[in-house]
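Below is one structure, written out as structure tokens; the observations come after it.
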Amino acid sequence: MTTNPTSDLRRLNPRIVAVVLLIAFVIVIFNALSTGAYTIRLGELIRVLFQGPARDASGDSVAHAVFWNVRLPRVTLAIVVGASLAVAGVVMQGIFRNPLAEPATVGVSGGAAVGAVIAITLGLSRITLGVQVFAFIGGTLATAVVYGLSRVDGKTDIVTLILTGIAINALSGALIGLAVFVADDDQIRTVTFWSLGSLGLATWRAVAMVLPLAIIGIAMSTRFSRTLDLMSLGDRPAEHVGVPVERVRLQTIAIIGLLASSAVAATGIIAFVGLIVPHILRLAMGPKHRDLLWSSALLGAIVTLLADLAARTLLSPAELPLGVLTALIGAPFFLWLLRKMRTGESTWS
Amino acid sequence: MTSIIKCENVSVIRTKKQILHDITLEATTGELVAILGPNGAGKSTLLGVLAGDLIPETGTVYYGGKNSSEFSQSDLAKIRAVLPQRVTISFPYSVEEIVEMGRGPRLADGDEGLVESAMRRLEITDMRKRLYRTLSVGEQARVSMARILAQDTQLMLLDEPTAVLDIGQQEKLMGIIRTLVDEGRTVISVFHDLNVAMSFADRVVLLQNGKQLGSGKPRETLTASTLSAIYEHEIEVIGVNDDTGPVVIPVQKKTSPRPER
């Protein structure tokens, strides 16, 4: 038995990744807060920040209003939603044992959007959390259906996974279309919003609804970091080392449902954040979920902030729907990853 | 010698086909039991029953005298480790990370030592930083065996541990397994290679079409007539010397007629 004493791990130290991500996070936040139709310069930004949300009597009340009522809720929502989607992606890829799994591509976000749209059409948007609860039910149901249908002999077949996603997305598209058909003008505007995804309707109320669910979901996901590592052995071997696979599966599906649906309920479908972010981090520092979860939350927030910044500045004063922008970048990436996997260049990464 | 595992009158039926008929088997401390038989004899199914993966239609499995239904998944992980025929790892983990997975969902003090000693035993310490997927099949087999060893259970259930190894690696791995048994562990393993069973096993169990056709010491049980009947091919067992056990070889017919279709 001769061994080859080499290392083929090209991994960055998680501490370095953490420092880089945190610096990038702060820079991107300040940029996102100051840039827009009304520019708030850094000095002004810091001044209105320390003034607090109470109305400013002496100084520039426009900057104050833009910062506290428009920018800050929007930036906060981008952070929360981006982190939720990226963490949902990590957990999903872990239990599906497949790096192509992502809330939007496999139809979970579509299911959540259908739930939200049904709630709006039924007039439930007036009830607190009405839309969110329906989005959660839709998203969780879609996760369970995709999971059930795409597994053969304890493994997720890539082709079946993607085809199931196509079918569920087609079905959600049709159901959303049906809802548009019966909805009145006002409702239609909100319904279209769900399928394209946008942070344009960001309010403190939206933040208040998503934030607790995101915190619960992300906190719960960290309890599964070791288990998700063990799941990469496959269901049976994971069971053999003591993982209660069936129970873990149900719990993680609930977490994915919670994170993806609350994000979709607040901003509509923002695709591919959950796909790209974990993939980049796995390449950078390896697949261990302990590091992957927190770093994905951070990078998910950064990516969503950047995408939203681009969405509202590229064609300003017009605003691109955010979901359209992430899909424009994400879809080619998805195709590249799919191609790479199908040609066997890299079975999984 | 204490009874570590026992299955009594086990029968398994899958899709209306009876895969195991009334199997009874027991293994004690310091024993290496080989399960042998042709393809489709029910060897892996029996191993699945012993591992607690499959609930038999009739019969009971006992671990240390206790009914297997009393054990949870995490209890079982402390009692038995299972080496499947092949493991595909879905993300790029390193050798060290995979061996450490043998320690299960909750890492504790002392786990590091178990992982280290398992890697030392399988001689994979210097490939600890390599990616599992870049290893040869032989190296992967050793990593998997190290993971099983790191689980540190009294009972180890192995499904063809030597299937992908060359003869040198096979002897080395069997030597390691034999040492573990001599130190007091219990190993039940499926083998295709009758000679491996002949040289290393304390006891063999012969299966054909789900029935137990014999069990006992290898030299007494693996006879030319029994093997020829089970494998439906003429087999000779030739004595070499007292140290190296007898060798099992299939007889080549000089003019073998083409099988009629």
**Prompt:** Here are some residues: A:LEU338, A:LEU315, A:LEU309. Which one is among the hydrophobic types (A, V, I, L, M, F, W, C), part of a helix (DSSP H, G or I) and either modelled with pLDDT under 85 or touching a Phe, Trp or Tyr at 6+ places or on another chain (Cβ under 6 Å) (or both)?
**Reply:** A:LEU338
**Residues that are surrounded by fewer than 24 Cβ atoms within 10 Å (Cβ to Cβ) and not in a loop (DSSP other than H, G, I, E, B), drawn from region A:97-118** = A:ILE118
**Prompt:** Could we say that A:VAL145 is crowded, with 22+ Cβ neighbours inside 10 Å, at pLDDT 85 or above and within 23 Å of A:PHE272 (Cβ to Cβ) here?
**Reply:** no
**Request:** Give the residue that is surrounded by the fewest Cβ atoms within 10 Å (Cβ to Cβ), with candidates limited to residues of region A:230-245 that are at the interface with chain B (Cβ under 7 Å from one of its Cβ atoms) and touching a residue at least 60 places away in the same chain (Cβ under 8 Å).
**Result:** A:ARG236
**Asked** Checking A:LEU320 against (1) more than 14 Å from every other protein chain (Cβ to nearest Cβ); (2) open to solvent by less than 10 Å² (accessible area, probe 1.4 Å); (3) not β-branched (Val, Ile, Thr), which single condition isn't satisfied?
**Response** (2)
**Message:** If A:THR227 meets every condition in (1) open to solvent by 40 Å² or more (accessible area, probe 1.4 Å); (2) assigned to a helix (DSSP H, G or I) apart from one, which number is that one?
**Reply:** (1)
**Asked** Before we move on, is B:GLY48 more than 27 Å from B:SER228 (Cβ to Cβ) and within 13 Å of the chain's Cα centre (by Cα)?
**Response** yes
**Request:** Give region A:32-45 a look and list any residue that's of a type outside the set (Ser, Thr, Tyr), modelled with pLDDT of 85 or more and open to solvent by 70 Å² or more (accessible area, probe 1.4 Å), or say none.
**Result:** A:ARG41, A:LEU42
**Message:** I'm trying to understand the selection: among the residues of region A:251-269, which are within 14 Å of chain B (Cβ to nearest Cβ) and open to solvent by 10 Å² or more (accessible area, probe 1.4 Å)?
**Reply:** A:GLN251
**Request:** Sort out which residues of region B:106-124 are surrounded by 18 or more Cβ atoms within 10 Å (Cβ to Cβ) and within 8 Å of chain A (Cβ to nearest Cβ), and write them in order of number.
**Result:** B:ILE124
**Request:** Using the structure shown, decide if B:THR134 is touching a Gly at 6+ places or on another chain (Cβ under 8 Å) and β-branched (Val, Ile, Thr).
**Result:** no
**Request:** Determine, yes or no, whether A:GLY94 is within 14 Å of chain B (Cβ to nearest Cβ), outside any loop (DSSP other than H, G, I, E, B), modelled with pLDDT of 85 or more and crowded, with 20+ Cβ neighbours inside 10 Å.
**Result:** yes
**Request:** From A:VAL277, A:VAL248, grab the single residue that is buried (at least 19 other Cβ atoms within 10 Å of the Cβ), in contact with a Ser or Thr (Cβ under 6 Å, 6 or more places away or on another chain) and over 28 Å from A:ILE23 (Cα atoms).
**Result:** A:VAL248
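The values are calculated or read from the model by the stated rules, or taken from the named source; none is laboratory data. Just so it is clear, the structure is predicted and the values come from calculations on it, not from any experiment. When we count neighbours, we look across all protein chains shown, and the Cβ atoms used for this are built from the backbone with ideal geometry, even at glycine. Just so you know, the surface numbers come from the protein's heavy atoms only, side chains and all, with ligands and any DNA or RNA stripped out. Shrake-Rupley method; radii C 1.70, N 1.55, O 1.52, S 1.80 Å.
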